[in-house]
Amino acid sequence: MPTGARVLLLPERRRFAGQGFSPAFARIARRFHQTAGTAGESAQLQRHFRCEPDGWPLAALCRQAGPGDAGDGQWLLADPVHLQMEMRDARLMAWDTLPLSGSETDAIHQALAPVFADAGYRFLGGDGRFFLRAASDEVLPAFTPAPEMLGCTLSDHLPAERRWTALFNECQVILYNHPLNVERQRRGMATVNALWFWGQGALPSAVHHGFARIESSAWDIRALAAQDMADGGGELLDLRQPRDWLAVEAAFDPARETRFDFADGTLWRWRPAFRWRFWSRRIASLS
């Protein structure tokens, strides 16, 4: 990360559907350098944060940033989700949009803690999430990150290990029949009918990034930034939630080197020297 560069972390371009550039921004956008990276929110964050040793253990990082007891254990996030049942499969339709009350959180913990205890795992709450703690020497399967599961069927993403399939199914059965979901249905709310496991791994020894300033309220970035291993003078502005393109333009300063990083893998780079380009083969767009 060059000193003083600013990264704008953005959602997929389709989130700005129907919007266009302002005339002033359009003149500059013609001179952007455009490349393509790997799509997905996890890949997007890994372009800017690097764990040592290599990996992406968001569960351990989140546990350490919250309760602070990650230690040397292996961790998994166990996030409540809503599944839509289909004829021969199920599709994950909601993940981070399922508000749970304190009593609902307690009910889920009480119902599922014995299930995981019997399998040799600790089922813990903390920082508004659920976690699984495994022994430090256990090798956990590679689960698909929850943000990338939205809209996907389960059959292609459940791990091959039978014990994890059995745990997933047992949690699904218990939650499907639980009184909290009867009450949620009565109130017209989406049911919490499964847990999705992901973010596996142990706490890394370091998290490297190139930002002297990070502006974000997102739990994943807060967990990464809590390790405080900055080795550069750049800035990161998390704009993944806004859906108004003008808010993005307002964060752009043509006098500063800027990188626009979209979750769909589209990457735009701007340097002040690019203003002297009089032609460009690539014209940035939101389509």
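Data overview
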{"read-out": "Mean-position separation - Cα centroids, region 97-164 and region 15-74, in angstrom", "value": "23"}
{"read-out": "Selected from 177, 70, 81, residue furthest toward positive end of dipole (region 58-202; charges at beta carbon)", "value": "177"}
{"read-out": "Cα-centre dipole for the chain with unit charges at Cβ (Lys and Arg positive, Asp and Glu negative), debye to 20", "value": "1620"}
{"read-out": "Projected-area mean, region 58-202, by convex hull of Cα positions, square nanometres", "value": "8.3"}
{"read-out": "Value of Rg/Rh across the chain [Cα atoms, Kirkwood radius]", "value": "1.02"}
{"read-out": "Region 41-110: C-alpha gyration tensor shape, a/c 1.5 cut-off, then a/b vs b/c", "value": "oblate"}
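Throughout, read-outs are computed from the coordinates displayed, never taken from laboratory work. These figures come from a predicted structure and were not determined experimentally. As a convention, Cβ positions derive from the backbone with ideal geometry for all residues, glycine included, and neighbour counts pool all protein chains shown.
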